[in-house]
Amino acid sequence: MVHEKKALWVAFKPKKPENVAEMRKKFLGSYPFFKEMRGLFSKVWWCNPEKGEWGAMYIFDSEAELNEYLQSDFWMNKVPEKYGYKPEVVAILDLGPILYKRIVNKGENSWLSEKKEAN
């Protein structure tokens, strides 16, 4: 059975605009959870300081795993509790080929910047 990857594009639109540093602090704190999340192929955080919005583009291994996430307690309750407002689903998208050349951005104080243990 072939699983087609699906993308989830979400936006947080707080009533009180936040600066880029505040937005980054929020999404950097989530790296450990998403690093271990089953069914998540990748996640990219974004922010639009002019609009005071921020969000993410998730790529899930399948539509079933994307739907499972949207029905989860984490998405429905913990995310709004943590941030004080609920994210908006902008779109669920079908994907074409995915190209990764290299890590182009390292998250500060995240699993991307941790020193790898010697084997």
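Being within 14 Å of residue 27 (Cα to Cα), out of contact with any Leu (no Cβ under 7 Å at 6 or more places or on another chain) and not basic (Lys, Arg) is the filter here; which residues of segment 56-83 pass it? Listed by number, the residues that qualify are 56, 57, 79, 80, 83.
Of all the numbered requirements in (1) in contact with a helix residue (DSSP H, G or I) (Cβ under 8 Å, 6 or more places away or on another chain); (2) in contact (Cβ under 8 Å) with a residue 60 or more places away in the chain; (3) loosely packed, with under 15 Cβ neighbours inside 10 Å, residue 12 misses one, and that requirement is (3).
Entry remark, segment 43-64: residues being touching a residue at least 40 places away in the same chain (Cβ under 8 Å) and under 11 Å from the mean Cα position of the chain (by Cα) number 7 in total.
Looking only at residues of segment 50-64 that are of a type in the set (A, V, I, L, M) and touching a strand residue (DSSP E or B) at 6+ places or on another chain (Cβ under 6 Å), we find that the one that is farthest from residue 95 (Cα to Cα) is 56. Every residue in segment 91-104 that is of a type in the set (A, V, I, L, M) and either modelled with pLDDT under 85 or exposed (fewer than 13 other Cβ atoms within 10 Å of the Cβ) (or both), please. Of everything in segment 91-104, those that are of a type in the set (A, V, I, L, M) and either modelled with pLDDT under 85 or exposed (fewer than 13 other Cβ atoms within 10 Å of the Cβ) (or both) turn out to be 91, 95, 98, 99, 103, 104. Just the residues that are of a type outside the set (Val, Ile, Thr) and outside any helix (DSSP H, G or I), please, taken from segment 24-46. Hits for segment 24-46 are 29, 30, 36, 37, 38, 39, 40, 41, 42, 43, 45, 46.
Residues in segment 42-65 that are closer than 13 Å to residue 7 by Cβ and crowded, with 17+ Cβ neighbours inside 10 Å: 43, 55, 56, 58, 59, 60, 65.
The values are calculated or read from the model by the stated rules, or taken from the named source; none is laboratory data. As the structure is a computational prediction, the values presented were derived from the model and not from experiment. For neighbour counting, all protein chains shown are included, and Cβ atoms are generated from backbone atoms with ideal geometry for every residue, glycine included.
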